[in-house]
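Enquirer: I have a structure I would like to understand better, so I am pasting it below and will then ask my questions one at a time.
The values are calculated or read from the model by the stated rules, or taken from the named source; none is laboratory data. The structure displayed is predicted, hence computed values, not measured ones. Note that each Cβ is placed from the backbone with ideal geometry, even for glycine, and that neighbours are counted across all protein chains shown.
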Amino acid sequence: MLGVFKYTTFVLGNLNTALGGAALTVPEILLPIGLSFLTFQSISYIIDVARGDAQPARRLSDFLAFSTLFPQLIAGPVLRYKDLARQFERRAYTLASFSMGVQRFVLGLGMKLMIADSVAPLADRLFALSQPTMAEAWLGALAFSIQLLFDFAGYSAMAIGLGLMIGFRLPENFDRPYTSRSITEFWRRWHISLSTWLRDYLYVPLGGNRGGRIRTYRNLLLTMVLGGLWHGANWTFLVWGAWHGGLMALERALGAKTRASVWPSLVAWPLTMVLVILGWVVFRAESLGQAIEVYLGMFGAHGIPMRAEQLLLLAPTEALFLALGITISIAPRWRWPDPAWLPALRTAALSGLCLLVMQARTDSPFLYFQF
């Protein structure tokens, strides 16, 4: 079903091109909302039950509730039935969990409205340039990196918050991914529910790290390519998946040599972030041609400084929230006890700010709704 709805147009379009303009009819197929997440969750249910890792749903209503749980249906996290089965029998529905859910929901909404949507115009404007300079290309890629993190992590926080409000504990989906010191670590921190799904239902069944180094590298590459294609029927997503799979294979190949060296630990974080940002370029681009133009710009093919007209278009709020997003995404995790009154005050203040922003802006859908 996912193949028909999501990839038919892509396959037929490429067949027409490969066959020299053959007249295969390319239908206009609308993708049902949440189909990608629904499909992955259904696959995990079937496999887990077949393996004996989960008991079959006792009631049809339990399976339907698992498949269509509305807080996460459109953009995750990707759920597994065994994580929710006990909660169907006894949900921890308390005033404390409801209060915590409201706080998480408002925090996620703030991440989306205050940061992601504030830097989105900057990313869109710079990616639209036909020949960006080095400064413009890197700034656009950095802006999109922050936009995507706070957009998607914000939605996940809202989904987790909604789940708590109705008595469900959904899995965490992000763990400060932009502090990672390797691509492998990045995928342990980014879209955690998807990366563990790919590991358990693709990488391990393909053989995982069994069968020698070459097969391990092949399995990593295949898993990430398929993970890239899950995001969308476009060559850009295939290349993005291959980029991450290739880097993970390279890290596996070099791991034994680099672990004993002090030098890699000094450059691990900045190098990882550069590689992640380079990957986001092709993820964001509408075509491989556009991605190539941005890459050429990043390496100085179209000049180095930011052009005057682009500097004039740079709004103070864009620069402010980009800097804030960078700071939050890489700052150490601090924990200290809050006074009893502070969470409620903080949530109320952020709610008010979000309402003001929503009144001033037009509708801005979450990026992962398209997947």
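Enquirer: Given (1) assigned to a helix (DSSP H, G or I); (2) touching a helix residue (DSSP H, G or I) at 6+ places or on another chain (Cβ under 8 Å), identify the lone condition not met by V204.
Expert: Looking at each condition in turn, V204 falls short on (2).
Enquirer: Within the set of pairs 6+ apart or on separate chains, which have a first residue in the stretch 188-204 that is touching a residue at least 60 places away in the same chain (Cβ under 8 Å) and buried (at least 17 other Cβ atoms within 10 Å of the Cβ), a second that is among the aromatic types (F, W, Y) and not in a helix (DSSP H, G or I), and C-beta atoms under 8 Å apart?
Expert: Listed by first residue and then by second, the contacts come to H191/F174; I192/F174.
Enquirer: Among R361, R335, which is the only one that is basic (K, R) and either modelled with pLDDT of 90 or more or in contact with an Asp or Glu (Cβ under 8 Å, 6 or more places away or on another chain) (or both)?
Expert: R361
Enquirer: Can you tell me which residue is farthest from F152 (Cα to Cα) among those in the stretch 171-201 that are hydroxyl-bearing (S, T, Y) and part of a helix (DSSP H, G or I)? Talk me through it step by step, then tell me what you get.
Expert: Filtering the stretch 171-201 down to residues hydroxyl-bearing (S, T, Y) leaves 178-180, 182, 184, 193, 195-196, 201.
Of the ones still in play, those that are also part of a helix (DSSP H, G or I) are 178-179, 184, 193, 195-196, 201.
On the way: Y178: 14, T179: 17, T184: 20, S193: 13, S195: 15, T196: 17, Y201: 23 Å.
Once the filter is applied, the top-ranked residue is Y201.
Enquirer: While we're here: Could you tell me which numbered condition F168 fails, if it satisfies all but one of (1) in a helix (DSSP H, G or I); (2) within 20 Å of V78 (Cα to Cα); (3) over 18 Å from the mean Cα position of the chain (by Cα); (4) hydrophobic (A, V, I, L, M, F, W, C)?
Expert: (1)
Enquirer: Counting only residues that are of a type in the set (S, T, N, Q), surrounded by 15 or more Cβ atoms within 10 Å (Cβ to Cβ) and at pLDDT below 80, give me the helices (runs of 4 or more DSSP H) lying completely in the stretch 1-99 with at least 1 of them. Don't jump to the end; show me each part of the working.
Expert: Values: elements: 2-18, 35-51, 60-67, 81-89.
Passing ranges, in order: 2-18, 35-51.
Enquirer: Is the stretch 126-147 home to any residue that is surrounded by 20 or more Cβ atoms within 10 Å (Cβ to Cβ) and more than 26 Å from T327 (Cβ to Cβ)?
Expert: So far as the stretch 126-147 goes, no, none of its residues is surrounded by 20 or more Cβ atoms within 10 Å (Cβ to Cβ) and more than 26 Å from T327 (Cβ to Cβ).
Enquirer: For the stretch 267-316, give me each residue that is of a type in the set (K, R) and farther than 17 Å from L148 by Cβ.
Expert: Listed by number, the list holds a single entry, R307.
Enquirer: With the condition kept exactly as written, say whether any residue in the stretch 204-211 is under 23 Å from W243 (Cβ atoms), within 19 Å of the chain's Cα centre (by Cα) and in the same structural domain as L313 (by TED's automatic domain parsing).
Expert: No; the residues of the stretch 204-211 include none that is under 23 Å from W243 (Cβ atoms), within 19 Å of the chain's Cα centre (by Cα) and in the same structural domain as L313 (by TED's automatic domain parsing).
Enquirer: In this structure, is E286 of a type in the set (D, E), surrounded by fewer than 17 Cβ atoms within 10 Å (Cβ to Cβ) and touching a residue at least 40 places away in the same chain (Cβ under 8 Å)?
Expert: Yes.
Enquirer: Moving to a separate point now. Any residue in the stretch 144-168 that is outside the structural domain of L79 (by TED's automatic domain parsing) and over 22 Å from V119 (Cβ atoms) sitting within a Cβ distance under 8 Å of a residue that is of a type in the set (S, T, Y) and surrounded by fewer than 24 Cβ atoms within 10 Å (Cβ to Cβ)? List the pairs, counting only those 6 or more apart or interchain.
Expert: L164/S97; M165/S97; I166/Y93; G167/Y93; G167/S97
Enquirer: Taking N209 as meeting all but one of (1) over 13 Å from P77 (Cα atoms); (2) in a loop (DSSP other than H, G, I, E, B); (3) in contact with an Asp or Glu (Cβ under 8 Å, 6 or more places away or on another chain), write down the number of the exception.
Expert: Among (1) over 13 Å from P77 (Cα atoms); (2) in a loop (DSSP other than H, G, I, E, B); (3) in contact with an Asp or Glu (Cβ under 8 Å, 6 or more places away or on another chain), N209 violates only (3).
Enquirer: Based on what the data block shows, is M111 touching a residue at least 60 places away in the same chain (Cβ under 8 Å), of a type outside the set (D, E) and not assigned by TED's automatic domain parsing to the domain that holds P56? Before the answer, list the steps.
Expert: Details: touching a residue at least 60 places away in the same chain (Cβ under 8 Å): no; of a type outside the set (D, E): yes; not assigned by TED's automatic domain parsing to the domain that holds P56: yes.
Against the criterion (touching a residue at least 60 places away in the same chain (Cβ under 8 Å), of a type outside the set (D, E) and not assigned by TED's automatic domain parsing to the domain that holds P56), M111 does not qualify.
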